[in-house]
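Trainee: Sending over a structure as structure tokens; questions will come in a sec.
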Amino acid sequence: MAELDGRHTAQDLFWDQSFAISRRLRAEHPTAELDAVGLSQIFDWVIALPDFADDPELCNEGLLAAIYQDWYEELDAT
């Protein structure tokens, strides 16, 4: 992994990367039934990702909804 600023790498995930986060969640939780997954579960799963590098306090419902939507659309496309 290439360091960007001494603290973060190119592989690190941040809240504004909803598509990348949704792909990582899909890989980590391939059997998840999205109809049964709430935004609080999405939050818990995101902050547990080893390459998640953002501040959990910066999260809001809109960011979580965007991650959920990207994940749902990715599943729907397959």
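Trainee: Listed highest first by mean packing, meaning other Cβ atoms within 10 Å per residue, what order do 38-46, 26-34, 62-70 come in? Write down the numbers at each step before the final one.
Mentor: Numbers: 38-46: 15.6, 26-34: 11.2, 62-70: 17.6.
Put in order of decreasing packing, that is 62-70, 38-46, 26-34.
Trainee: For the chain, go through all pairs of different Cα atoms, get the mean of 1/r, take its inverse, and jot down that Kirkwood value in Å.
Mentor: Working: mean 1/r = 0.0776 Å⁻¹.
That comes to 12.9 Å for the chain.
The numbers here are math on the coordinates, done by the rules we state, and not lab data. What you see is a predicted model; the values in this text were computed from it and never measured. A quick note on method: Cβ atoms are made from the backbone with ideal geometry, for glycine too, and the neighbour counts reach across all protein chains shown.
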